[in-house]
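Worksheet: one structure, shown below.
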2 protein chains.
Amino acid sequence: MTEQPSRLEVEDLQQNLRRVREGIAAQRDPAALRAELDRLHPADVASILEALPLEERLVAWHLVNAEREGEILLELSEAVRESLIATMDAKELVAAAETLEADQIADLAPDLPEEVVQDVIRALPQEERTLLRAALSYDEGTVGALMDFDQVTVREDVTLEAATRYLRALDELPPHTDQLFVVDRGGKLRGTLPLARLIVTDLERKVGEVMVPESVKLRPEDRAEDAAQAFERYDLVSAPVVDLITGNLVGRVTVNDVMDYIREKSAETQLAEAGLSKEEDVFAPVLDSFRNRWAWLAINLVTAFIASRVIGAFEGSIAKLVALAALMPIVAGIGGNSGNQTITMIVRALALGQIQSSYWTKLIAKELGLATLNGVLWGGLLGIAAYLLYDNVALGGVMALAMLLTLLLAAGMGVVIPYLRARFGRDPAVGSSVLITACTDSGGFFIFLGLATLFLL
Amino acid sequence: MTEQPSRLEVEDLQQNLRRVREGIAAQRDPAALRAELDRLHPADVASILEALPLEERLVAWHLVNAEREGEILLELSEAVRESLIATMDAKELVAAAETLEADQIADLAPDLPEEVVQDVIRALPQEERTLLRAALSYDEGTVGALMDFDQVTVREDVTLEAATRYLRALDELPPHTDQLFVVDRGGKLRGTLPLARLIVTDLERKVGEVMVPESVKLRPEDRAEDAAQAFERYDLVSAPVVDLITGNLVGRVTVNDVMDYIREKSAETQLAEAGLSKEEDVFAPVLDSFRNRWAWLAINLVTAFIASRVIGAFEGSIAKLVALAALMPIVAGIGGNSGNQTITMIVRALALGQIQSSYWTKLIAKELGLATLNGVLWGGLLGIAAYLLYDNVALGGVMALAMLLTLLLAAGMGVVIPYLRARFGRDPAVGSSVLITACTDSGGFFIFLGLATLFLL
């Protein structure tokens, strides 16, 4: 389990991967490539597969030792994993899944055909089957979904000497075993015994005297995000997962799973911001990419269409003063940018639990203050520019005032949208950028063209 | 060093923090609050400080035990840390820094006044001073900046028995000690000895026989991002940092520092996407927030102004057919969205090393194919909508064709911009969204209005 990559320095590792990848692209001697892939860490094989176009990827996949397919599938991004699973038949998939542990099979299960999952469950020994059923029952985004079952347990009434003998009999400890979990006869968690403490303590003492009785405990239903924050704050390597009612130890979470979770979450956020539904295989067929991207384009089409109809309502004004057409995108654009700044900061602060309910008015006052400053500054600048371009003082004035009002709208909505969504139990992050941009686009056009119609025509 | 939070379940922890925070806001009995803050983990105190407006934050800060100020400052976000450092005099700052270890002082140093750093250096014992100088010499974003000096070393020719006796003499092992580093007389790294292996192995054997001779090694000059990838791929808890030339062990990197680095990086990316220069204190004074946000607004003002001038060049056409003014933002907007999808995916794939130089033509072909599909679909739809709205077939045709061409432009630039930046050694991620939006805005207006001028007027 504690495999090491075949090379040592990070830079060498990267060069090595490049070499193997190029070998596959150049269709070098398959036997040599197979041997080379066999020597690589599963995560390295996964990174090679992700960097190959579909056809070469399948060639490489066929070179992989069948016994390692399961662990490599686990390391792949979802999109690339799907592209490989689509080429495997049920028998191969069952064989691959059977090389994995229950919690790993559960991670893979959403991407497997239902009958494969059923076959795997049937083929497992009773104990593993129970664990897999448990692992499958937890929702994504919960501690239950991050948990594994590799915890090593000891009793409090044994000596450290006896505990050490027991560990020796295990031959090898599961990865990320930085502490043993102390349980009573019924399986209830009593405390933890860090290996570092076990090593430095007199072996004649009892586990119960040496253990840490109180440590961070997770429950399967806790949000994975909260667990991640606990790992970060308290610098944990592993943490026990305990049943809420019985207090029994049901599993553990380790820092590597937390780190994967953090990376995945951050990738998802970044991709969602840009309108990609999920991580995309760079080499995906056009239709797959289309499926990943169309929804966002459609939503934007609708909001752009609404904004266009707002402009349409003022076509008479534009016909009379065509300069309005050239100036209006500036107002809407800067409004959108500044609204996005506000909403991004608020959404982040909400996620970090930094905003107490009593401070919302303080926040909105601050953002409106900043918008006023920005409005006077940039609005003034653009007002002067508009005046100089079109030699029309009133147009300059309307431009400046429209900028100020649009920035105030953007700041207000930038606070109010996440506030309302948090209030009504929605995730304030989802689609926040679309919402604010829709407001500032239509709002900006309406304010600018409306003011122009009032004062200029 | 291995402090535990005072409460156990994650949910309890959060409730507890809420309670203390509210106590401070309500100005409850200072002595009780002081005691409560003293019991909290430094990271928890930091999170409370981050969630308080400036005035209340300073009240809480004065309740913090002076000896803990250093470790709490370390846990704070940069913006909030600065807000507190600004209120402390040189003597307090030196006292706070002196409670920290060399690598921690180095992390804090960029936010401290130069004379404070000098005072701290002078006050340190010789050995610590050398370590601090070393730590200060590494650039942000390198392994050197992530590294600490808490590695525990052993010699290969001693028995495990002797090694264990040595560890017992240390009383407590540094946090995240999952392995000992085996060095020779000159300090050269020979291998590592995982604690889990030490525990399960016969104590009469020699370290040299039991150690793992080859494991991932980092160098101080390696990119922190590469180290983070190694930690993720190989599920490391700690890794040795070795001098390139001498092969000597100079320090170690632990998973908690890597996790902090990942979180910080991901926050930075997310904030940069929205045009915030850095993490912002939600309760920052208006002027501080202005400083954090003005640069992006100014850049967008320039690009919006250029786009406005493109429109200005076609004012004659708009005057003749005012519908153009209402339709043009749709073309530019959808172009921008789709360009952002492409560039985000490519930039991510580049960062993950998924794009080999031989595949760029494949990628551009795929993106242009997808743009054609999108162009025909959404362009057709909008063409029909334009025809129905304005009862003008030619206008519908121009709309559809302009959408198609703008999406092709967006796809092309979405691949070419990161390609060129990677080629010339720039970070392809920085400002990619601004660049592509500038292209698609001005380009979209030009294409649509140009086609309209050619075919409609």
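The values are calculated or read from the model by the stated rules, or taken from the named source; none is laboratory data. Computed from a predicted model, the values in this text were never measured in an experiment. Glycine gets a Cβ as well: all are built from the backbone with ideal geometry, and neighbour counts include every protein chain shown.
Go through region B:182-192 and give me each residue that's within 13 Å of B:VAL158 (Cα to Cα), surrounded by fewer than 23 Cβ atoms within 10 Å (Cβ to Cβ) and either touching a strand residue (DSSP E or B) at 6+ places or on another chain (Cβ under 9 Å) or β-branched (Val, Ile, Thr) (or both). Don't jump to the end; show me each part of the working.
Taking region B:182-192 as the starting set, the residues that turn out to be within 13 Å of B:VAL158 (Cα to Cα) are B:182-185.
Then keep just the ones that are surrounded by fewer than 23 Cβ atoms within 10 Å (Cβ to Cβ); that gives B:183-185.
B:VAL183, B:ASP184 - these are the residues of region B:182-192 that are within 13 Å of B:VAL158 (Cα to Cα), surrounded by fewer than 23 Cβ atoms within 10 Å (Cβ to Cβ) and either touching a strand residue (DSSP E or B) at 6+ places or on another chain (Cβ under 9 Å) or β-branched (Val, Ile, Thr) (or both).
Which numbered condition trips up A:GLY375, out of (1) surrounded by 17 or more Cβ atoms within 10 Å (Cβ to Cβ); (2) at the interface with chain B (Cβ under 7 Å from one of its Cβ atoms); (3) assigned to a helix (DSSP H, G or I)?
Checking A:GLY375 against (1) surrounded by 17 or more Cβ atoms within 10 Å (Cβ to Cβ); (2) at the interface with chain B (Cβ under 7 Å from one of its Cβ atoms); (3) assigned to a helix (DSSP H, G or I), the one that fails is (2).
Looking only at residues that are modelled with pLDDT under 90 and within 35 Å of the chain's Cα centre (by Cα) in region A:197-225, which one is nearest to A:THR254 (Cα to Cα)?
Only one residue fits best here, namely A:VAL216.
Could you list all residues from region B:409-419 that are surrounded by fewer than 20 Cβ atoms within 10 Å (Cβ to Cβ) and more than 18 Å from B:THR303 (Cβ to Cβ)?
Residues satisfying the conditions are B:GLY412, B:TYR419.
Determine which single condition A:TYR138 fails, assuming it passes every other condition in (1) outside any loop (DSSP other than H, G, I, E, B); (2) touching a residue at least 60 places away in the same chain (Cβ under 8 Å).
Going through (1) outside any loop (DSSP other than H, G, I, E, B); (2) touching a residue at least 60 places away in the same chain (Cβ under 8 Å) one by one, A:TYR138 breaks only (1).
What residue, of B:LEU173, B:LEU167, is out of contact with any Asp or Glu (no Cβ under 8 Å at 6 or more places or on another chain), at the interface with chain A (Cβ under 7 Å from one of its Cβ atoms) and surrounded by fewer than 21 Cβ atoms within 10 Å (Cβ to Cβ)?
So the residue among B:LEU173, B:LEU167 that is out of contact with any Asp or Glu (no Cβ under 8 Å at 6 or more places or on another chain), at the interface with chain A (Cβ under 7 Å from one of its Cβ atoms) and surrounded by fewer than 21 Cβ atoms within 10 Å (Cβ to Cβ) is B:LEU167.
Within region B:339-357, work out how many residues are closer than 22 Å to A:GLY444 by Cβ and within 7 Å of chain A (Cβ to nearest Cβ).
Result for region B:339-357: 1.
Of all residues being touching a residue at least 12 places away in the same chain (Cβ under 8 Å) and away from every other protein chain (no Cβ under 12 Å) in region A:388-400, which is surrounded by the fewest Cβ atoms within 10 Å (Cβ to Cβ)? Just the residue, please. Give the derivation first.
Within region A:388-400, the first condition is being touching a residue at least 12 places away in the same chain (Cβ under 8 Å), and the residues that meet it are A:389-390, A:392, A:394-400.
Filter again for away from every other protein chain (no Cβ under 12 Å), leaving A:392, A:394-398, A:400.
Values: A:ASN392: 16, A:ALA394: 14, A:LEU395: 21, A:GLY396: 22, A:GLY397: 17, A:VAL398: 27, A:ALA400: 22.
Residue satisfying both the conditions and the ranking: A:ALA394.
Check region A:241-256 and report whether any residue there is within 30 Å of B:ASP44 (Cβ to Cβ), assigned by TED's automatic domain parsing to the domain that holds A:GLY186 and part of a helix (DSSP H, G or I).
Yes, some residue in region A:241-256 is within 30 Å of B:ASP44 (Cβ to Cβ), assigned by TED's automatic domain parsing to the domain that holds A:GLY186 and part of a helix (DSSP H, G or I).
Yes or no: B:VAL302 more than 7 Å from chain A (Cβ to nearest Cβ), in a helix (DSSP H, G or I) and without any contact (Cβ under 8 Å) to a residue 12 or more places away in the chain?
In short, yes.
Filter region A:12-42 down to the residues that are assigned to a helix (DSSP H, G or I) and either in contact with a Pro (Cβ under 8 Å, 6 or more places away or on another chain) or away from chain B (no Cβ under 14 Å) (or both) and list them by number. Quick ask: steps written out before the conclusion?
Looking only at region A:12-42, we keep the residues that are assigned to a helix (DSSP H, G or I), and these are A:12-25, A:30-39, A:42.
Within region A:12-42, A:LEU13, A:PRO30, A:ALA31, A:ALA32, A:LEU33, A:ARG34, A:ALA35, A:GLU36, A:LEU37, A:ASP38 meet the criteria.
In this structure, is B:LEU454 in contact with a helix residue (DSSP H, G or I) (Cβ under 7 Å, 6 or more places away or on another chain), in a helix (DSSP H, G or I) and within 26 Å of B:ARG309 (Cβ to Cβ)?
The answer is no for B:LEU454.
Specify the residue that is surrounded by the most Cβ atoms within 10 Å (Cβ to Cβ); the eligible residues are those in region B:341-357 that are within 20 Å of the chain's Cα centre (by Cα) and closer than 19 Å to B:ALA274 by Cα.
B:ILE343
Between A:ILE318, A:ILE306, A:ILE311, which is surrounded by fewer than 20 Cβ atoms within 10 Å (Cβ to Cβ), β-branched (Val, Ile, Thr), in the same structural domain as A:ALA386 (by TED's automatic domain parsing) and modelled with pLDDT of 95 or more?
One residue alone meets the criteria, A:ILE306.
Keeping to region A:417-432, report how many residues are β-branched (Val, Ile, Thr) and in a loop (DSSP other than H, G, I, E, B).
Going through region A:417-432 one residue at a time, the tally reaches 1.
Would you mention how many residues in region A:358-367 are more than 7 Å from chain B (Cβ to nearest Cβ), among the aliphatic types (A, V, I, L, M) and surrounded by 16 or more Cβ atoms within 10 Å (Cβ to Cβ)?
Narrowing region A:358-367 to residues more than 7 Å from chain B (Cβ to nearest Cβ): A:360-361, A:364-365, A:367.
With among the aliphatic types (A, V, I, L, M) added as a condition, the list becomes A:364-365.
Checking the rest, the ones that are also surrounded by 16 or more Cβ atoms within 10 Å (Cβ to Cβ) come to A:364.
Total meeting the criteria: 1.
Buried (at least 17 other Cβ atoms within 10 Å of the Cβ) and either farther than 30 Å from A:GLN14 by Cβ or of a type in the set (Ser, Thr, Tyr) (or both): which single residue out of B:PHE290, B:PHE283 fits that description?
Just a single option satisfies the conditions, and that option is B:PHE283.
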